[in-house]
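Coordinate-derived values only; no laboratory data. Quick caveat: nothing in here was measured; it's all calculated off a predicted structure. For neighbour counting, all protein chains shown are included, and Cβ atoms are generated from backbone atoms with ideal geometry for every residue, glycine included.
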Amino acid sequence: MHFDLADLRLFIHIAESPSLTQGARRAHLSPAAASARIKALEGQLDSRLLYRDSRGVELTPAGHKLLQHARLIMRQVDYLKSEFTTYGADNAGHIRIFANTTAVTEFLPEVLAGFLVERPGVTVDLQERLSRDIVRGVLDGTTDLGIIAGPLEVSGLQAIHFSTDRLVLAVPEGHPLAGEKSVTLSQTLAYPHISLHEGSTLLTFLRDEVEKLGQKLSLRIQVSSFEASCRMIEAGVGIGIIPESAAQRHSRTMRLATVQLDEPWAVRERRILARDLNALPGILLALIERLTGRPVAQET
């Protein structure tokens with residue numbers, strides 16, 4: 001059985017697009033040419049890969065299976081190309097990272113800035129995703145690396161612990177909870193909360209925990225960053241649960257008080273996820289070492 005890499009990449013484009021026409025456009029082919037290639041691929045595999053109708057295309061069970069393998073194959077091809085670039089294995093290539101809200105907004109921008117300045121041949125696609133989608137993305141090859149925090153099952157992946165943070169309650173100075181040594185999540189629900197945007201990892205996590213309590217999370221306003229959250233909290237609009245690292249940084253310039261959360265999930269271990277560290281190209285290993293501050297070999 002012979003697979004053409006161009007056909008596999010075309011299939012990925014179509015699978016990730018709402019229609020065959022748009023997928024063909026991404027592959028710089030006409031719809032007719034793309035359709036003929038997909039039919040030929042189906043013939044090789046003796047399996048139907050797509051359901052086609054007026055609304056677009058949908059993957060069959062066989063199509064889902066091929067998509068997973070195709071992504072992994074093309075990812076390895078990209079790794080191979082990056083290893084044989086004129087910049088050198090550690091200085092060129094494209095990296096895709098799925099990460100949680102705190103990573104995307106707090107520490108990754110600074111880490112990636114220094115990393116990219118030193119390596120002009122590197123490009124990065126950083127996407128904020130929910131924790132379960134991060135794990136799934138690493139497993140199926142949609143992303144090179146994942147960054148998560150907190151307890152989460154990562155069976156089938158290699159995980160590298162690289163730092164620890166905790167969630168705390170941020171309140172304005174003089175707030176009724178400001179004098180407490182610690183509070184439970186349930187105690188905070190008597191007050192309106194300031195939250196990150198819809199779809200953020202932290203908001204999704206907190207809603208799940210509140211649902212377990214059989215209570216309701218009252219949102220006063222949703223904002224795009226922890227800095228904006230802290231400004232709202234300082235002004236007395238509401239209270240918010242945020243990473244301690246963010247609370248400490250913003251409390252230097254804002255009138256905030258922080259209260260420890262008496263919850264088992266408040267302490268959050270940050271981990272880097274990869275399918276197989278030994279299979280990663282030099283550029284990805286270099287980034288992991290930048291994040292952890294130690295050679296990857298110590299973790300394998």
Problem - Net charge over other residues, Cβ less than 14 angstrom from the Cβ of Glu106 (K, R count +1; D, E count -1) - result: -1
Exercise for the section: Within segment 46-78, list the trypsin sites (Lys or Arg not before Pro) lying in a DSSP loop whose Cβ has at most 16 other Cβ atoms in a 10 Å radius. Expected result: Arg48, Arg55
Handout entry: Ratio Rg/Rh, restricted to segment 162-255 and using Cα atoms, in which Rh is the Kirkwood radius
Key = 0.93
Problem - Residue-count net charge about Ala34 - beta-carbon cut-off 15 Å; Lys, Arg +1, Asp, Glu -1 - result: +2
Fill in the blank from the handout: Reviewing (1) 189; (2) 150; (3) 169, the figure for volume of the Cα convex hull per residue in Å³ actually calculated from this model sits under (3)
Exercise for the section: Calculate one ³J(HN,Hα) per residue across segment 4-16 by plugging θ = phi - 60° into the Karplus curve 6.51 cos²θ - 1.76 cosθ + 1.60, and present them in order as whole Hz with x for glycine and proline. Expected result: 8, 4, 5, 5, 5, 5, 4, 4, 4, 4, 5, 4, 8
Completion exercise
Quick shape check on segment 2-157: root eigenvalues a ≥ b ≥ c of the Cα gyration tensor, a/c under 1.5 is rounded, otherwise prolate if a/b tops b/c, else oblate, and it reads prolate
Completion exercise
Between Leu277 and Leu126, the FRET efficiency computed from the C-beta separation at R0 = 22 Å comes out, to the nearest 0.05, as 0.65
Exercise for the section: Enter the Cα centre distance for the pair segment 163-189 and segment 40-81, rounded to the nearest angstrom. Expected result: 48
Exercise for the section: Under 30 Å between C-alpha atoms is the cut-off here; go through the chain and count lysine pairs that meet it, provided they're at least eight residues apart or on different chains. Expected result: 5
Exercise for the section: Pop out the ³J(HN,Hα) list for segment 51-65 in order, Karplus 6.51 cos²θ - 1.76 cosθ + 1.60 with θ = phi - 60°, rounded to Hz; leave Gly and Pro as x. Expected result: 9, 10, 8, 5, 8, x, 10, 9, 6, 7, x, 5, x, 4, 5
Problem - Percent antiparallel among DSSP beta bridges (both partners in the chain, rounded to 5) - result: 60
